[in-house]
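Following: one structure in structure tokens, then a few remarks.
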Amino acid sequence: METMNGSLCFPMHDSFNHDVAIRRFCPARVEQEQGEWEEIMNLEVELLSPSENTSNTPHFSASEVDEFVDSFINMEQEDNEDDLINMSLSSAANYEDEIYGGEAADDHKPEMSSISCEDFRVVPEMVPSVEEVSHGVDQGLHLVHLLLACAEAVGCRDTQLADSMLCQIWASANPWGDSLQRVSFCFAMGLKSRLSLLQNINANGTFANGAMDVSLITREEKMEAFQLLYQTTPYIAFGFMAANEAICQAAQGKDCLHVIDLGMERTLQWPSLLRSLASRLEGPPKIRITGLINDQNHSELEASMNSLVQDASSLGISLEFSTISEQVTPSLLTKENLNLREGETLFVNSIMHLHKYVKESRGSLKAILQAIKKLNPTLLTVVEQDANHNGPFFLGRFLESLHYYSAIFDSLEASLPRNSPQRMNIERLHFAEEIRNIVAYEGSDRIERHERADQWRRQLGRAGFQVVGLKSLSQARMMLSVYGCDGYTLACEKGCLLLGWKGRPIMLASAWQVNNASSS
């Protein structure tokens, strides 16, 4: 894990105009009414086919595990955290290389099935007080020891040992406790999903008990959780702000703008962009926004777009919104399919979407980036989660993601009360789903393949792009002042802007232009 050299922590400052900051960066930040927990967590999973039993069970030394756990208890000790992660990832890689003989995980991929579970059902009246769920450091140490032992057992197909470890984990992990207990619960659910599939798989890769019941988290619930995350933390607003500022700077002196939004699911990003463009000295430009969406049922999105068109008109901006209901593929990304027009300044915007095209070989991402390059956009804005969740080895991926989401859950603990229904909705409906995908899925069903900033630089550079340094550090600092929490950190690194929690990188924002000197 690379460190955030030059990280800057920005606490609240009286000199900031907080009303201005809130209006500019968080226009939708409002109190949400408490709601009941009703739906069940979807645990649709896909795993590797079981291999022959092996006695080469992985093992972390007691000192390694203790140091690993210490990094959770004191999130600011990042140097120690980095050393342990490097040792842990190396150990995991060596072990799984022995188990699989260096073969890719997808080479033994069974048919897809799913399971259902009600373990994450919560109602507000079940939430205990802080005193009722308070636990000491020793219990935290024990909990992470159990998680690591269970992950090791799952990784080497020891289902009996893994079941035993899970039974012990359930005694300490719960979705109402402290941040470590809550994140442990989510990872235990992911391990349970992966283990359940292993226990119901035949030697030929088919499921012994046929199709299993599925209970899905609804699209509306996911949208609600994302909205809450946007309102209560800076992670999403940071990406919107950085991308919009880059677009505004590149659009100076341009009269007609066309933004292609990859994987657009909502319109939260665009109100602040419209306000910034409306205040230009040379007057507002004409704007077209084309959203590439996968969901065929997008009536709510269309209603939001119509409302945004009216808001733009009140600002003196001519805004045209359109959608293309088709999965993003290289064949879709052509001038004809996107209806590009002469005289328009083209922007391509990706907010936490490009990682879905990262595979083990990264061939899919390369094809997408090369197709974008052929469009010759003025700017490509990329916002992603800054984490290494695409490793080929399960145990290494588990360790990295456990560190990453522990930092996020710690930040939520600092931002929202322990018994906050809003916080629990964010964790249950948004982050728990990401964790489950990273831990339990394999092959094409594992889409949460987040990469670190250096990997994105390499991939975009190879595709013919060069970084455009972001100049929005002061705006990011103002935005963070809205949240009234001292733990968030900012860093500029090789042209990218990084948002972290107590020094641990969480989000990256970057802007790219076609490198005309590179080969086409």
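The values are calculated or read from the model by the stated rules, or taken from the named source; none is laboratory data. Treat the numbers as computed from the prediction; the structure is a model and nothing was measured. No Cβ is skipped: glycine too gets one built from the backbone with ideal geometry, and neighbour counts run over all protein chains shown. Just so you know, the surface numbers come from the protein's heavy atoms only, side chains and all, with ligands and any DNA or RNA stripped out. Shrake-Rupley method; radii C 1.70, N 1.55, O 1.52, S 1.80 Å.
Brief remarks follow.
- A single member of Lys373, Lys359 is of a type in the set (Lys, Arg) and not in a helix (DSSP H, G or I), and it is Lys359.
- Close pairs (6 angstrom Cβ cut-off, 6 or more residues apart or separate chains): open to solvent by less than 10 Å² (accessible area, probe 1.4 Å) and among the hydrophobic types (A, V, I, L, M, F, W, C) in the range 290-302, assigned to a loop (DSSP other than H, G, I, E, B) and modelled with pLDDT of 85 or more anywhere: Leu292/Val328; Ile293/Met264
- The condition of being of a type outside the set (A, V, I, L, M, F, W, C) and open to solvent by less than 10 Å² (accessible area, probe 1.4 Å) holds for Gly239.
- Selection from the range 407-418 of residues that are open to solvent by 10 Å² or more (accessible area, probe 1.4 Å) and of a type outside the set (D, E, K, R): Ala414, Ser415, Leu416, Pro417
- Which listed residue, of Ser472, Ser510, is touching a residue at least 60 places away in the same chain (Cβ under 8 Å), among the small types (Gly, Ala, Ser) and within 24 Å of Ala371 (Cα to Cα): Ser510
- Here is the figure for the range 470-481: residues that are part of a loop (DSSP other than H, G, I, E, B) and surrounded by fewer than 16 Cβ atoms within 10 Å (Cβ to Cβ) total 1.
- Against the criterion of being on the phi > 0 side of the Ramachandran plot, in a loop (DSSP other than H, G, I, E, B) and modelled with pLDDT of 95 or more, Asn337 does not qualify.
- In the range 149-178, the residues that are part of a helix (DSSP H, G or I) reach residues that are open to solvent by less than 10 Å² (accessible area, probe 1.4 Å) and charged (D, E, K, R) with C-beta atoms within less than 9 angstrom, at least six apart or across chains, in these pairs: Gly155/Glu96.
- The range 419-469, residues that are open to solvent by 20 Å² or more (accessible area, probe 1.4 Å), under 16 Å from Pro392 (Cβ atoms) and in a loop (DSSP other than H, G, I, E, B): Ile447, Glu448, Arg452
- Restricting Glu282, Glu220 to those that are under 27 Å from Pro421 (Cβ atoms), open to solvent by 20 Å² or more (accessible area, probe 1.4 Å) and at pLDDT below 95 reduces the list to Glu220.
- Selection count, the range 324-364, where residues are open to solvent by 40 Å² or more (accessible area, probe 1.4 Å) and either basic (Lys, Arg) or touching a Gly at 6+ places or on another chain (Cβ under 6 Å) (or both): 5
- Residue in the range 374-388 that is under 20 Å from Met189 (Cβ atoms), at pLDDT below 95 and crowded, with 23+ Cβ neighbours inside 10 Å present: no
- Filter result for the condition that a residue is out of contact with any Asp or Glu (no Cβ under 6 Å at 6 or more places or on another chain), part of a helix (DSSP H, G or I), open to solvent by less than 10 Å² (accessible area, probe 1.4 Å) and modelled with pLDDT under 95, over Leu197, Leu273, Leu277, Leu229: Leu197
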